[in-house]
Amino acid sequence: MTRPIHPYAVLALAILLPGMGHVAVGQPQRGLGIAFFSLLLALISFHLTTPDQSFIGRSAFGLFVWALSIPDAYRLARLRYALWQRRRETAVP
């Protein structure tokens, strides 16, 4: 088993771009789905709100999906990294 990406690097990717943390972990369908729905829901909420709202208020639905994906990507990366460490420690030299 090859060394997985460090969980903090996955966390940084997930914070920078929606879905990219999942792509880095090895779940591209899930990551691209998150990116798609973040954009779609941001556009929907942008059109449903009034121009008086701030940008964050106008794209709240998409930001909500993005915010939920960040700890999920980190959790997956941390589990994969811990599994890799355990297998490396129990491997016979």
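The table below gives the values:
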read-out: Dipole-positive endmost among Q29, T2, L76 within the chain (Cβ charges, Cα centre); value: T2
read-out: Estimated vicinal HN-Hα couplings, Hz - the range 74-90 in sequence order (Karplus 6.51, -1.76, 1.60; Gly, Pro = x); value: 5, 4, 4, 5, 5, 5, 5, 5, 5, 5, 4, 4, 5, 5, 5, 6, 8
read-out: Cα centre as origin, Lys/Arg/Asp/Glu Cβ charges: the chain dipole, Debye; value: 500 debye
read-out: Summed side-chain charge close to I70 - residues other than I70 whose Cβ falls under 15 Å, Lys, Arg +1, Asp, Glu -1; value: +2
read-out: Options (1) 177; (2) 196; (3) 68 - which one matches volume of the Cα convex hull per residue in Å³ as calculated here; value: (3)
read-out: Cβ-defined net charge surrounding M1, 13 Å radius [Lys, Arg +1; Asp, Glu -1]; value: +4
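Laboratory data are not the source of any read-out in this text; all were calculated from the coordinates shown. Note that this is a predicted model, so its numbers are computed, not measured. Heads up, the Cβs are rebuilt from the backbone with ideal geometry, glycines too, and the neighbour counts pull from every protein chain shown.
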